[in-house]
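Shown next, in structure tokens, is the structure this report addresses.
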Amino acid sequence: MTNRDLYAFIKTHDFPIVTATDALSVPRGSYYRYCNHEATPTEKRRAEIKAQLHVAYKASKGRYGAPKLTFMINQQRKDRVGQKLIQKLMREEGLCSITRRKYRATPAANPVAERNNLLAQDFSTTNINQKWAGDITYVKTAKDGWTYLCTFMDLFSRRIVGFAYGRDMTEPLVIKAFSNALINRDVYEGLTVHTDLGSQFTGKDFEEILVSVGAKHSYSRKATPYDNAIIESFHASFKKEEHYVYPENYRTFEQARTNIFEYIEKWYNRTRIHTGLEMMSPVQYELTHLSGQMMAWSALP
């Protein structure tokens with residue numbers, strides 16, 4: 001604790017000044033100078049930024065680190081705030097982004113036949129509904145044990161276009177998630193859907209649905225999680241930003257269902273900014289892209 005902290009403590013408590021300064025071994029003259037000090041423009045600016053930092057940090061539920069917090073604060077200010085200042089203020093205020101959990105791939109228990117990897121780790125797109133990625137992740141609940149979340153992401157905007165949550169990791173869970181995606185998207189021939197080689201994604205019923213909408217199926221290579229890195233990254237973000245941080249929200253299956261919906265639809269798709277999306281949320285990025293397309297079309301002769 002610095003002398004300034006001690007001065008602030010004395011000032012905010014109803015103690016006799018002589019007794020307090022003697023008890024805390026701080027110079028009385030320095031304390032009076034502290035009380036009579038008028039904040040400089042630099043100090044006022046720093047205090048203002050610090051207040052904005054706490055608001056932005058709370059709004060992100062502690063999920064954002066210095067780069068995104070810097071961006072959010074600069075959106076509110078006329079002057080530019082540097083990332084190094086935000087990092088320094090975060091250390092001073094004891095603020096830090098949520099600790100990351102390292103992903104560790106585990107080999108499959110049973111041999112799986114290789115299939116065509118059409119994506120070949122090329123995640124680039126120029127429009128929505130060109131490339132989707134699907135995956136399943138485990139969600140542990142305190143009372144109901146292991147549960148499962150299946151998601152499909154549009155790689156153009158990183159938006160989760162369809163998801164399903166269930167008690168069993170089966171092909172019907174995948175079909176339900178994909179069917180939800182089809183409700184949200186008008187899919188035409190030319191879509192590539194990339195998944196791993198899990199039996200839930202290689203089942204006959206799911207393959208028939210892909211054929212019926214004109215989609216091509218691309219598969220990760222065995223024991224190569226990087227082939228589906230973007231959807232893997234989403235599930236890692238969900239764990240480190242939500243599931244591991246708020247275990248009290250994942251005690252039961254029904255409770256988990258509610259919080260998963262809120263994380264995906266309210267936070268991830270509509271609020272969470274992405275460095276790879278020009279600091280926009282997936283929905284905002286899609287709307288910006290659509291607006292640009294409409295302006296281009298309207299300019300045509």
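Taking helices (runs of 4 or more DSSP H) as the structural unit, those lying wholly within region 226-301 and holding at least 1 residues that are charged (D, E, K, R) and under 26 Å from Q75 (Cα atoms) correspond to 282-298.
Close Cβ contacts (under 7 Å, 6 or more residues apart or on different chains) running from residues in region 215-240 that are within 23 Å of L277 (Cα to Cα) to residues that are surrounded by fewer than 17 Cβ atoms within 10 Å (Cβ to Cβ) and of a type in the set (G, A, S) comprise P225/A105.
If the condition is being within 12 Å of R159 (Cβ to Cβ) and crowded, with 18+ Cβ neighbours inside 10 Å, then region 243-279 contributes I264, Y268, N269, R272, L277.
Go through region 64-101 and give me each residue that's modelled with pLDDT under 85 and under 16 Å from the mean Cα position of the chain (by Cα). Across region 64-101, the qualifying residues are C96, S97, I98, T99, R100, R101.
The values are calculated or read from the model by the stated rules, or taken from the named source; none is laboratory data. Not measured: the values here are computed from a predicted model. No Cβ is skipped: glycine too gets one built from the backbone with ideal geometry, and neighbour counts run over all protein chains shown.
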